[in-house]
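Participant: One structure is given below, represented as structure tokens, and several questions about it will come after.
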Amino acid sequence: MVGMPQATLQAWLSLYAAVGVMVALCAVLAMIKTAYDYRLGTRKLPTATVLDKVLVAPRLWIRWQINYLLGAPAILGIAIYYAHYLGFDTLVDV
């Protein structure tokens, strides 16, 4: 059984590691932005009824998801640029 060339394996590992770091950074920044939005008052969490209080966590989760997804184009662009830097030929040589 023939494995993939060492340069290809290293390029893929490098790309996965870079995307993982960017995803983690984006998740942390989305959390900070979500907290900032609610703390600043640009977003309000209604807590008048029991149902409102029960729905606080899902509302926070959805707001965090929206903020996280706003970073997706940047992650995708940086990942494509980094793959170009590594060389698409190297990545395809499996």
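Participant: Please identify the pairs in which a residue from segment 1-20 that is open to solvent by 40 Å² or more (accessible area, probe 1.4 Å) has its Cβ atom under 6 Å from the Cβ atom of a residue that is assigned to a helix (DSSP H, G or I), counting only partners at least 6 apart or on another chain.
Facilitator: A7/T90; V19/A79
Participant: On to the next question. Name the pairs whose Cβ atoms lie under 7 Å apart, with the first residue in segment 46-65 and closer than 13 Å to M31 by Cα, the second modelled with pLDDT of 90 or more and among the aliphatic types (A, V, I, L, M), and 6 or more positions between them or separate chains?
Facilitator: Every condition considered, the pairs that remain are W64/A30; W64/M31.
Participant: Between a first residue in segment 29-43 that is under 12 Å from L70 (Cβ atoms) and a second residue that is polar (S, T, N, Q), which pairs have beta carbons less than 7 Å apart while being 6 or more apart in sequence or on different chains?
Facilitator: From residues that are under 12 Å from L70 (Cβ atoms), the pairs are A30/N67; K33/N67; T34/N67.
Participant: Scanning segment 1-31 for residues that are in contact with a helix residue (DSSP H, G or I) (Cβ under 9 Å, 6 or more places away or on another chain) and β-branched (V, I, T), which turns out farthest from A74 (Cα to Cα)?
Facilitator: Among residues in segment 1-31 that are in contact with a helix residue (DSSP H, G or I) (Cβ under 9 Å, 6 or more places away or on another chain) and β-branched (V, I, T), the one farthest from A74 (Cα to Cα) is T8.
Participant: Scan (1) open to solvent by 40 Å² or more (accessible area, probe 1.4 Å); (2) at pLDDT below 90 for the single condition D37 breaks and write down its number.
Facilitator: Just one mismatch for D37, condition (1).
Participant: Scan segment 73-92 for residues that are in contact (Cβ under 8 Å) with a residue 24 or more places away in the chain and open to solvent by less than 80 Å² (accessible area, probe 1.4 Å) and jot them down.
Facilitator: Result: A74, I75, A79, Y82, A83, L86, G87, T90, L91.
Participant: Residue check, T47 against (1) in a loop (DSSP other than H, G, I, E, B); (2) surrounded by 15 or more Cβ atoms within 10 Å (Cβ to Cβ), all met but one. Which one?
Facilitator: Checking T47 against (1) in a loop (DSSP other than H, G, I, E, B); (2) surrounded by 15 or more Cβ atoms within 10 Å (Cβ to Cβ), the one that fails is (2).
Participant: Still on this structure, please answer the following. If a residue must be closer than 16 Å to S14 by Cα and either assigned to a loop (DSSP other than H, G, I, E, B) or touching a helix residue (DSSP H, G or I) at 6+ places or on another chain (Cβ under 7 Å) (or both), how many such residues does segment 50-94 contain?
Facilitator: 11
The values are calculated or read from the model by the stated rules, or taken from the named source; none is laboratory data. Please read all numbers here as calculations on a predicted model, not as lab measurements. Reconstructed Cβ throughout: ideal geometry from the backbone, glycine too, with neighbour counts over all protein chains shown. With ligands, DNA and RNA removed, areas are computed over all heavy atoms of the protein, side chains included. Shrake-Rupley method; radii C 1.70, N 1.55, O 1.52, S 1.80 Å.
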